[in-house]
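Worksheet: the structure to be examined is printed underneath.
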Amino acid sequence: MWHDATTLTAQWVDDYSKVWSATSKEIVQTKVEEDQAVYSIIRPNSMQQVALENLTKLRDEGKRKGLVISATGTGKTYLSAFDVRNAEPTKMLFIVHREQILKSARDTFKKVLGGPDEDFGILSGNSKDISAKYLFATIQTISMQATLDSFLPDAFDYILIDEVHKAGASSYHEVINHFKPNFLLDMTATPERTDDFNIFELFDYNIAYEIRLQEALEEDLLCPFHYFGVTDYENNGAVIEEGTRFNNLVAEDRVKFIIEKIKYYGVSQHKIKGLVFCSSKEEASTLSDMFNIRGFIPLIFQEMIRLNIEKV
């Protein structure tokens, strides 16, 4: 390949620029056509096909609620987009608990449904696109009384709630009780709650589809993995957990304990990459410094603020 290559000269660059100018418009047009073609080639996977059939059957039977239990990573958001495409609602509301998820869900729906950008709006603390045909809202914003009062009960004929296992919180009840959609789709990977709240009863026990983690792995819908559960560090007989005092969360002995477990359960073929969930920015920053000092660079730290929906 080296011997067949062309020597780079100023003349070659000049000639190439002329060719590029002549063909760039054609290339851009081809890219637009390829982007538009994406909408027509996205198809449901095996799990989604069965779930979509069951959801259609529920609506044909006059049911107004449906629950989908699907392991994380099996495509719940795409499934919901496919079902919205089937149901063809006049106006849709998609509810999630975090704005980052909101934007990702909106992009997924765009791919499946197509249409102009103004059809896809966001309702959150930073955006108020309430006139959009497909509205994606955070539970924190949509559950505010002033926000609910701005919508008639029949404003949406199709509503979806993601991570519906959180629906035991009062904020979710207020939203569910306010709106009267033609169909309410609820999705979660973990419907069982530790506070004994019955998610199944809330949605009339209408389980449209259920695929748990083990089944998803057997169906090759998820990449196989190894999971190791490690008991957290104990200080004088007390387990260090989220509610523990900050000084104990970042204690030297606890950091040493975590590093020992990383080395024991980690891999030796390549550098370890880790994701550590912390209860605050302060803890994430301090732990990051402590791990970096000990040679774990780059060890990835990601703050995970646990939302307490009960207080919203």
Being in a loop (DSSP other than H, G, I, E, B) and of a type in the set (Ser, Thr, Tyr) is the filter here; which residues of segment 95-130 pass it?
Ser124, Ser127
What pairs can you find where one residue is in segment 51-62 and assigned by TED's automatic domain parsing to the domain that holds Ile211, the other is acidic (Asp, Glu), and their Cβ atoms are less than 6 Å apart, with a gap of 6+ or different chains?
Leu52/Asp83; Leu55/Asp83
Check whether at least one residue in segment 115-128 is in contact (Cβ under 8 Å) with a residue 40 or more places away in the chain and surrounded by 21 or more Cβ atoms within 10 Å (Cβ to Cβ), and report yes or no.
no
What number goes with the only condition from (1) at pLDDT 80 or above; (2) surrounded by fewer than 16 Cβ atoms within 10 Å (Cβ to Cβ) that Ser40 does not pass?
(1)
Those residues of segment 52-83 which are surrounded by fewer than 21 Cβ atoms within 10 Å (Cβ to Cβ), in a helix (DSSP H, G or I) and charged (D, E, K, R) amount to Glu53, Lys57, Arg59, Asp60
Residues satisfying the stated conditions in segment 84-94, i.e. of a type outside the set (D, E, K, R) and either part of a loop (DSSP other than H, G, I, E, B) or crowded, with 22+ Cβ neighbours inside 10 Å (or both):
Pro89, Thr90, Met92, Leu93, Phe94
If you take the residues of segment 209-222 that are touching a residue at least 24 places away in the same chain (Cβ under 8 Å) and in a loop (DSSP other than H, G, I, E, B), which of them is farthest from Pro44 (Cα to Cα)?
Arg212
Please tell me if Leu185 is surrounded by 15 or more Cβ atoms within 10 Å (Cβ to Cβ), at pLDDT below 80 and hydrophobic (A, V, I, L, M, F, W, C).
no
From (1) out of contact with any Gly (no Cβ under 6 Å at 6 or more places or on another chain); (2) at pLDDT 85 or above; (3) surrounded by 14 or more Cβ atoms within 10 Å (Cβ to Cβ), pick out the condition that doesn't hold for Val250.
(2)
Unique match (being exposed (fewer than 15 other Cβ atoms within 10 Å of the Cβ), at pLDDT 90 or above, more than 21 Å from the chain's Cα centre (by Cα) and farther than 30 Å from Arg43 by Cβ) among Asp149, Asp196:
Asp149
All conditions in (1) within 21 Å of the chain's Cα centre (by Cα); (2) modelled with pLDDT under 90; (3) at negative phi are true of Ser170 except (1)
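The values are calculated or read from the model by the stated rules, or taken from the named source; none is laboratory data. Just so it is clear, the model here is predicted, and its values are computed rather than measured. Using ideal geometry, Cβ is built from the backbone for each residue, glycine included, and neighbour counts are taken over all protein chains shown.
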